[in-house]
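In what follows, a structure is listed as structure tokens, so that the remarks can point back to it.
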Amino acid sequence: MKKLSLWILAAVLLCGTSLLTTSCETMMKIGVDVVDGVKMQGIWQVTEAPANSVGFRTGAEWTFDNNLLYSATTGEKGKWGIADSMVSFTPNGKSEFEVGKLVTIEKNHMEISLSGSNGVVKFKKIGKIDLNN
């Protein structure tokens, strides 16, 4: 009976550890997305874009605000989001789509690898936004 109790205790501890590890991993991913989302807020200029990238033109300016809304000098507007390092847009009046993976985001530089192997779009930060909006 004592051996059975030890095995049950071991199983409970193992399951608890697995659950905690999985939960912490999820929390870490969410934390990274929040940090990257905060870094993404601002006014960005496209410095490099593949010829086949829809909506991203070199020289175009994109504004990502703290209300998760975006606008571009190309006339595009909608909502933006980030989850598991994947950037998604929901243009006004259209369905959400995955833009690509956030490869790099630093203080003044951002790169997004477009979905479907369409290349990488590079941005430089040219302005901040008012966080009180």
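Restricting the search to region 40-56, which residues are farther than 20 Å from M86 by Cα and assigned to a loop (DSSP other than H, G, I, E, B)? Write out each step before concluding.
Keep residues of region 40-56 that are farther than 20 Å from M86 by Cα, which gives 47, 51.
Once the filter is applied, which keeps residues that are farther than 20 Å from M86 by Cα and assigned to a loop (DSSP other than H, G, I, E, B), region 40-56 yields only A51.
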Of the residues G42, G100, G75, which single one is at pLDDT 90 or above, surrounded by fewer than 14 Cβ atoms within 10 Å (Cβ to Cβ) and at positive phi?
-> G75
In region 72-109, anything closer than 18 Å to G42 by Cα and aromatic (F, W, Y) is listed as W80, F89
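So, M28, is that one surrounded by fewer than 16 Cβ atoms within 10 Å (Cβ to Cβ), farther than 18 Å from E98 by Cα, within 14 Å of the chain's Cα centre (by Cα) and at pLDDT below 55 or not? Before the answer, list the steps.
Numbers: surrounded by fewer than 16 Cβ atoms within 10 Å (Cβ to Cβ): yes; farther than 18 Å from E98 by Cα: yes; within 14 Å of the chain's Cα centre (by Cα): yes; at pLDDT below 55: yes.
Yes.
The values are calculated or read from the model by the stated rules, or taken from the named source; none is laboratory data. In this text the structure is predicted, and so the values were computed from the model without any measurement. When we count neighbours, we look across all protein chains shown, and the Cβ atoms used for this are built from the backbone with ideal geometry, even at glycine.
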